[in-house]
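Colleague: Once you've had a glance at the structure underneath, I'll fire off some questions.
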Amino acid sequence: MADRLSASASLPSICPDATKRRVAYFFEPSIGDYSYGDEHPMKPNCIVMADNLITHYGLLDSMEVHRPTPASREAITQFHDPDYVNFLASVSPEIVQDYYTHSRNLKRFHVGGRGDCPAFEGVFDFCGASAGGSIGCAAILNLGNADIALNWSSGLHHAKKCEASGFCYVNDIVLGILELLIRT
Ligand SMILES: [Zn+2]
């Protein structure tokens, strides 16, 4: 992503203090490759469409672009239950096919089937990119290297400590807040 970095990565201020705001933009290019399924309303490809608009409006010249470091199991476990995180890291469409064997965990963690939270291919990597972006935003703010940090893959706030909910598996909001609290 270095070719998309700009030496003058800041936006004109609309604030009374006339200070330019330094904006960090986190984007994982592969995020649009993940699919919840054709019938599912959640479309990760929309994040790529938003990035395309940002790119073609020339807004990247005003921001510092970062590719997120995927959140590790350990990082995700800062909020989520270890049993749930381990399940999420192992679940796949194939496991759902073998429902009889895995039904207990699929029900326990609210993943799979035709519900809100399907066990789509690469679900844990998708969660890692999303949460990694939000943790990265918090970290760069903590370091004082940006005034504003953006992660379009974020906002998956329905995810609970021990189960998925409402299209959300890993709560990047909570993980970002926990990272922000490290500063205090
Ligand atoms: Zn949700």
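Colleague: Evaluate E = 1/(1 + (r/R0)^6) for Asp61 and Asp83, where r is the Cβ-Cβ distance and R0 equals 30 Å; express this FRET efficiency to the nearest 0.05.
Modeller: Once rounded, the FRET efficiency stands at 0.10.
Colleague: Further question: Would you work out what percent of the accessible area of the chain, with all protein chains in place, is carbon or sulfur (probe 1.4 Å)?
Modeller: C and S fraction of accessible area: 55 percent.
Colleague: What full-extension length gain, to one decimal in nm, is calculated for Ala18 and Asn52 as 0.36 nm per residue of separation minus the Cα-Cα distance? Intermediate results must be reported in sequence, preceding the final value.
Modeller: Numbers: separation 34, 0.36 × 34 = 12.24 nm, distance 2.93 nm.
Additional length available on full extension: 9.3 nm.
Colleague: I've got another one for you. Can you list residues from other chains, or at least 5 along the same chain, whose modelled amide H is less than 5 Å from the amide H of Tyr25?
Modeller: Residues meeting the amide H criterion: Glu64, Val65, His66, Leu150.
Colleague: Between Ser165 and Asp125, what is 0.36 nm times their sequence separation minus the Cα-Cα distance? Round to one decimal in nm.
Modeller: 12.7 nm
Colleague: In region 38-143, which chymotrypsin sites (Phe, Trp or Tyr not before Pro) fall in coil by DSSP and have 10 or fewer other Cβ atoms within 10 Å?
Modeller: Tyr57
Colleague: For a bin width of 5 Å, list the pair-distance distribution of the chain built from all Cα-Cα distances, rounded to whole %.
Modeller: Taking every Cα pair in the chain, the percentages come to 1, 8, 16, 19, 17, 14, 10, 7, 4, 2, 1, 0, 0.
Colleague: Further question on the same structure: Could you report the accessible area of Glu64 in Å², rounded to 10, computed with a 1.4 Å probe on the protein chains as they sit in the structure?
Modeller: Surface open to solvent at Glu64 totals about 70 Å².
Colleague: Can you give the accessible area per residue of the chain, in Å², using a 1.4 Å probe?
Modeller: 55 Å²
The values are calculated or read from the model by the stated rules, or taken from the named source; none is laboratory data. Here the structure is a predicted model, which is why all the values come from computation and not from measurement. Counting neighbours? That spans all protein chains shown, and the Cβs are built from the backbone with ideal geometry, glycine included. Just the protein is used for accessible areas: all its heavy atoms, side chains included, with ligands, DNA and RNA removed. Shrake-Rupley method; radii C 1.70, N 1.55, O 1.52, S 1.80 Å.
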